[in-house]
Amino acid sequence: MILPRMVLVTGATGLVGEGVLHRMLADDLSLEVFALVRDDASWHRVARKLGSLSDRIVPVRGDLTLAGLGLEPLVRRRIELQATAIVHAAADTSFSRTLDRARAVNTVGTQHVIELANACPRLERLAFVSTAFVAGRAIGLVAERDNGATAGWVNAYEQSKYEAEDLVRSSGLPWTIMRSSTIACRDASGEVTQINAVHRALRIYHRGLAAMMPGDRDNPLDVVTASFVSGAIARLTVDPRAAGRTVHLCAGRNALTLGELVDTAYDVWAAEPAWRKRRVERAMITDPETYRLFEAAVHQTGDPRLRAILTSLSYFIPQLALPKVFETAAAEELLGTSPPCSREFWLPMLMHLQATNWGHSAEKAA
Amino acid sequence: MTRNDIAKQMGPAIAGIAYAFPAGSRSIAELAGEAQLASSAETLESFGFGRVHVAETETPYELALKAARQVLAETAVDPETIGLIIYGGTPGSMSFAAAADSEGAARDLCTLSRFKYPATRLQYDLDLPNAWTFAVDQLACTTLLAAARLARSLCLTEGIERALCVSSEFFPVNAGREAIFNCTSDAACAVLIERDGARNRLVSATNVTKGYYWDVDAMRDEIVASYFPTARHVLLRTIADAGWAPDDVDWIIPHNVSLRSWEILSSLVRLPKARVFSENIFRHGHTLAGDNFINYRDALDGGCIKPGQRVVMFSYGFGAHWTGVAVEA
């Protein structure tokens, strides 16, 4: 008997995981999937979206932070026997977590996945979804390999994912590390289904509460779509050439500059007469030292709302002043295509955010 | 054209400046002890504030009159040549009340006492028979800069030879002594503008008013966020309208708000903070009446500003107004 290919996907209810499920199941009609899920409601939402594809998915309840992923012993045994690949996409992507909390999910959780993978005799691939920002405070061209830890990190998320990559590389498994850039929206339509730090920062700008940001107008700012990332993960997970490779799922040289991204946002907001009437100035892009002075002054004055805003921004905004270009040669070689240009989806994404009031209109309607 | 050639040009200029502070004053620690501050004394001291002037017995009008008399005495101009008085600051009957009586005086604004105008009384007390007299209002800390700009324009368009701009303000009794992290003084300031001056010429003036921020209490965070980008914009436009480049500016004469904010703003316009005349922030705190002119006078008297130097004054006023004036010393 030929056993069907069976993939375990963690993070299946996330934006990327959901896309990976869709692409893998659509591409391989014999494929079956175990989806590690934490709560039923999120799973039912994803299953509804997947439609008939979800018939080939077995949701299994588990928790990355628990030993053995918190799986029922029989379920775990079944996965061990059947899994031919694991796509580990689950992560705590909050930038504001303490290092201990970030590690609990992202690093220890990855160790738990590796332990399971080691018990899978049929396993052909451990596909680890990482972040391009494991590069942390590094600047310049970032290669598709382990670039070391000397630069340090902006937040605990970056560090915990770097440490997880280290575990994957030394696992002895047939791994592929896929580093995603910041996800701006679902696809070229600009639809935003999951609000992240970029969207929250844009909201602050829209509300006229962003006085300045550190960086340089010419610094590249890498953002991609979820469909690009999930499509690439689906393909590379089953690509034998990808074994032992680290790839950047990033815009790379197709990234827009910080100045272009901020100016486009301003122009979109300003096209709305009510917003234009407020005469909010364009956010200034300034040197990090001036930004730090502003940040310190606001913190010193103790104004609660503005202080909270700057604190929330502080977990990622230093990246704006750390210009980096993510190399994409390996990804391009394996995928046979150039990364998408941020220009294609940035404007539609901004218009979507504005039209839906950052998702609040949709919530209200629902 | 060299700097000396420009200095020889004639045009609307500051002929004199005088100011008056009340006799009383408080240290920041004393204000904190009297529960007059919203922030801690340590925070405000770290922002550069040391002492503020507090009117206890003096009325705003008395301070205005004192400053105006002084500028007229120092400049010794013929009173008949003053064709304009522009007053700004404490309104109507409140100008004639000491702090302890200001609540009652404020109630009197709802009576015919509303028409007891400090501006016209100044014209009478100073004996300036030819002065067209009016007041400007709702400009907060940009009042005197706006008055000077208006005087400059009227000198140019109506041929007025000299204009006296006077502002006198006290901080409302029940408002404490802090306005968005700035410690405030009571004071009056008088500026004499002349149509054909060679020194201290008013070269350009810029103002941006953003009515969206009219409600200070409700828009506090938005005001803090908008302050810097708009201030930068106004400073750069004032400099450009004067035909200068930022590097040409020898001095920024600030309104006396937190030193920290000036460090940020000078950095944003890429001017060394050493060019910001900031020593009065510690000595006087922030006056609503006319920080810029008080500072300009002190910088002249102290020999900081030399003839021909290029100076930019900047102030922000609730409401919200961002105002810049370029002066060639």
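Placing pseudo-labels 7 Å out from each Cα toward the beta carbon at B:N130 and A:S312 gives an inter-label distance of 6.2 nm. Ranking A:A271, A:P220, B:A76 by how far each Cα lies toward the positive end of the dipole of the protein assembly as shown (charges on Cβ) leaves A:P220 at the top.
Across A:L173, A:L249, B:L300, the residue with the most accessible area heads the list, and the full order at a 1.4 Å probe is B:L300, A:L173, A:L249.
Set against the 2.2 N^0.38 Å expectation for a compact globular protein, region B:100-151 has a Cα radius of gyration ratio of 1.36.
The alpha carbons of chain B give a radius of gyration and a Dmax of 18.8, 58 Å, in that order.
Our compactness index for region A:244-366, the C-alpha radius of gyration over the empirical 2.2 N^0.38 Å, is 1.34.
Of A:H352, B:F293, B:V234, which is farthest towards the positive pole of the protein assembly as shown's charge dipole, taken about the Cα centre with +1 and -1 on the beta-carbons of Lys, Arg and Asp, Glu respectively? Farthest along the dipole direction, towards plus: A:H352.
The calculated pair-distance distribution of region B:166-264 uses every alpha carbon pair, bins of 10 angstrom beginning at 0, and gives 11, 33, 40, 15, 1 percent.
Residues of chain B were split at every exposed loop site, defined as trypsin sites (Lys or Arg not before Pro) in a DSSP loop with at most 16 other C-beta atoms within 10 angstrom, and the longest piece left, sites excluded, is B:1-198.
Would you mind getting me the FRET efficiency between A:R282 and B:S113? Use the beta-carbon distance for r and R0 = 51 Å, nearest 0.05. It comes to 0.60.
Alpha-carbon geometry of the protein assembly as shown: the Rg and the Dmax are 32.7, 114 Å, given in that order.
Measuring with a 1.4 Å probe in the full set of protein chains, what accessible area per residue, in whole Å², belongs to chain A?
42 Å²
Under a 5 Å amide H cut-off, with hydrogens placed 1.01 Å from N, A:T176 pairs with A:L126, A:A127, A:F128, A:G244 among residues at least 5 apart or on other chains. Shape analysis of region B:224-329 yields a ratio of the Cα radius of gyration to the Kirkwood radius, Rg/Rh, of 0.92. Cα extents for region A:161-246 along the principal axes, largest to smallest and rounded to whole angstrom: 51, 29, 23. Only DSSP H runs of four or more residues enter the estimate; each adds -39500 (n - 2.57), and after division by the residues of chain A the mean residue ellipticity at 222 nm equals -13000 deg cm²/dmol.
Taken about its Cα centre, region B:105-239 carries a charge dipole of roughly 320 debye when the Cβ of each Lys and Arg holds +1 and the Cβ of each Asp and Glu holds -1. May I ask you to give the average projected area over all directions of the convex hull of the Cα atoms of region B:146-202, in nm² rounded to one decimal? Projected area, direction-averaged: 5.1 nm². Using only the C-alpha atoms, the convex hull of region A:31-78 corresponds to 72 Å³ per residue. Going from the chain on its own to the full set of protein chains, region A:258-288 has these residues losing 10 Å² or more of accessible surface (heavy atoms, 1.4 Å probe, no ligands, DNA or RNA): A:R278, A:R279, A:V280, A:E281, A:M284, A:T286, A:D287.
For chain A, the longest principal axis of the Cα atoms and the long axis of helix A:15-27 meet at an angle of about 40 degrees. Solvent exposure of region B:207-278 amounts to 37 Å² per residue of accessible area, where only protein heavy atoms count and the probe is 1.4 Å. Taking the chain by itself as reference, region B:189-236 contains these residues with an accessible-area loss of 50 Å² or more in the full protein complex (1.4 Å probe, heavy atoms): B:K210, B:Y212, B:D221, B:E222, B:A225, B:P229. Run a plain Debye calculation on region A:1-114 (Cα atoms as equal point scatterers, no solvent) and give log10 I(q)/I(0) at q = 0.10, 0.15, 0.22 Å⁻¹, rounded to two decimals, same order as the q list. The Cα Debye sum returns log10 ratios of -0.28, -0.63, -1.27. Report, to the nearest whole %, how much of the accessible area of chain A belongs to carbon and sulfur atoms, 1.4 Å probe, protein only. Its accessible area is 54 percent carbon and sulfur atoms. Measuring heavy-atom accessible area with a 1.4 angstrom probe and counting protein chains only, the residues of region A:295-341 that give up at least 10 Å² relative to the chain alone are A:A297, A:Q300, A:T301, A:D303, A:R305, A:L306.
Ligands, DNA and RNA left out, the accessible area of region B:63-143 computed with a 1.4 Å probe is 53% carbon and sulfur. Mind grabbing the interface size between B and A? I mean buried accessible area, both sides, 1.4 Å probe, in Å² to the nearest hundred. That pair hides around 2200 Å² of surface in total.
Computed with a 1.4 Å probe on the full set of protein chains, the accessible area for B:L236 sits at about 50 Å².
Taking only alpha carbon atoms, region B:48-161 gives an Rg to Rh ratio of 0.99, where Rh is the Kirkwood radius. Note that region A:60-66 has calculated 3J(HN,Hα) couplings of 10, 6, x, 8, 4, 7, 9 Hz, one per residue in order, obtained from phi through the Karplus relation 6.51 cos²θ - 1.76 cosθ + 1.60 (θ = phi - 60°); glycine and proline are x.
Using only Cα coordinates, the Kirkwood hydrodynamic radius of region A:62-109 works out to 12.0 Å.
Per the Kirkwood formula applied to alpha carbons, region A:186-233 shows a radius of gyration over Rh ratio, Rg over Rh, of 1.04.
Calculated mean residue ellipticity, 222 nm, chain B: -10500 deg cm²/dmol, from DSSP H runs (n ≥ 4) at -39500 (n - 2.57) each, averaged per residue and rounded to 500.
The magnitude of the dipole of chain A, with charges of +1 and -1 set on the Cβ of Lys/Arg and Asp/Glu and taken from the Cα centre, is near 660 debye.
Ranked from largest to smallest solvent-accessible area, with a 1.4 Å probe on the protein heavy atoms, B:I193, A:I139 come out as A:I139, B:I193.
Take every Cα-Cα pair in chain A and report what % of them are more than 30 Å apart. Of all Cα-Cα distances in chain A, 38 percent exceed 30 Å.
Shown are B:Y19, B:Y212, whose ranking by accessible area with a 1.4 Å probe and every protein chain present, most to least, is B:Y212, B:Y19. Note on chain B: with a GNM built from Cα contacts shorter than 10 Å, the maximum mean-square fluctuation among B:Y87, B:Y213, B:Y296 falls on B:Y213.
The values are calculated or read from the model by the stated rules, or taken from the named source; none is laboratory data. Just so you know, these numbers come straight off a predicted model, no measurement behind them. FYI the Cβ positions are ideal-geometry reconstructions off the backbone, even for glycines, and counts take in every protein chain you see. Surface accessibility is based on the protein's heavy atoms, side chains included, excluding ligands, DNA and RNA. Shrake-Rupley method; radii C 1.70, N 1.55, O 1.52, S 1.80 Å.
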